[in-house]
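Everything below concerns the one structure shown next.
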Amino acid sequence: MSSQTIIKCSEAIAAKGWRIAFVESASAGKLSADFSLTPLSGKILRGGIVCYEVFVKEQILLVRHALIEQYTPESAEVTQALAERAAVIFNSDITVALTGLTTPGGSESEEKPVGTIFLHIITPVGVIKHREVFCGSPEEIVQQAADKAASLIIQKIG
């Protein structure tokens, strides 16, 4: 079930006549699924790609291996590269990229603990770059990140 924030976001996107697409790593398709369950999904949702593993980031989305090696797969820089590539693939008005750490075993560190999420959102009225550390279970972290993405889009597009 989609949250009220995601429903409100889909209404704001539909009011502009825009389309949205997602490229998701840590959320593994959660944003695409949530937006697909809104009443206006047929008007706004273009599609999504799950790029959980580095292989998909590099081989399908053509993110340079050197960029991933330098910054890690869960980073602002890689998230931006994913958003830029997905915007071309989907020809979407709004493109949301999400990477991050929902469980131990990735690139977590003292500066980047589990719960860290990176969002890079391309819109017709500007780019949103956001990093936030969420608390809770992996499911709770991803839901909070999905709601944050929707909230950021609402704020940006009015």
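The values are calculated or read from the model by the stated rules, or taken from the named source; none is laboratory data. Since this is a predicted model, take the numbers as computed values, not measurements. Ideal geometry is used to build each Cβ from the backbone, glycine not excepted, and the neighbour counts take in all protein chains shown. Accessible surface is based on the protein model in full, side chains and every heavy atom, while ligands, DNA and RNA are left aside. Shrake-Rupley method; radii C 1.70, N 1.55, O 1.52, S 1.80 Å.
Below is a table of values for the structure above.
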read-out: Every residue from the range 114-141 that is closer than 11 Å to Leu101 by Cβ, assigned to a strand (DSSP E or B) and open to solvent by 10 Å² or more (accessible area, probe 1.4 Å); value: Phe118, Val133
read-out: Residues within the range 6-39 that are open to solvent by 50 Å² or more (accessible area, probe 1.4 Å), part of a helix (DSSP H, G or I) and touching a residue at least 60 places away in the same chain (Cβ under 8 Å), tallied; value: 3
read-out: Test result for Pro113, more than 17 Å from Ala28 (Cα to Cα) and either in contact with an Asp or Glu (Cβ under 6 Å, 6 or more places away or on another chain) or without any contact (Cβ under 8 Å) to a residue 12 or more places away in the chain (or both); value: no
read-out: Counted residues, the range 54-74 - those being over 16 Å from Ala86 (Cα atoms) and free of Cβ contacts under 8 Å to residues at least 24 places away in the same chain; value: 7
read-out: Test: residue in the range 41-60 that is small (Gly, Ala, Ser), over 14 Å from the mean Cα position of the chain (by Cα) and open to solvent by less than 40 Å² (accessible area, probe 1.4 Å); value: yes
read-out: Residues of the range 75-100 satisfying the condition of being open to solvent by 30 Å² or more (accessible area, probe 1.4 Å) and in contact (Cβ under 8 Å) with a residue 24 or more places away in the chain; value: Ala76, Gln80, Glu84, Arg85, Ile89, Phe90, Asn91, Asp93
read-out: Test: residue in the range 142-153 that is closer than 18 Å to Phe22 by Cα and open to solvent by 50 Å² or more (accessible area, probe 1.4 Å); value: yes
read-out: Residue in the range 103-113 that is part of a helix (DSSP H, G or I), open to solvent by 50 Å² or more (accessible area, probe 1.4 Å) and polar (S, T, N, Q) present; value: no
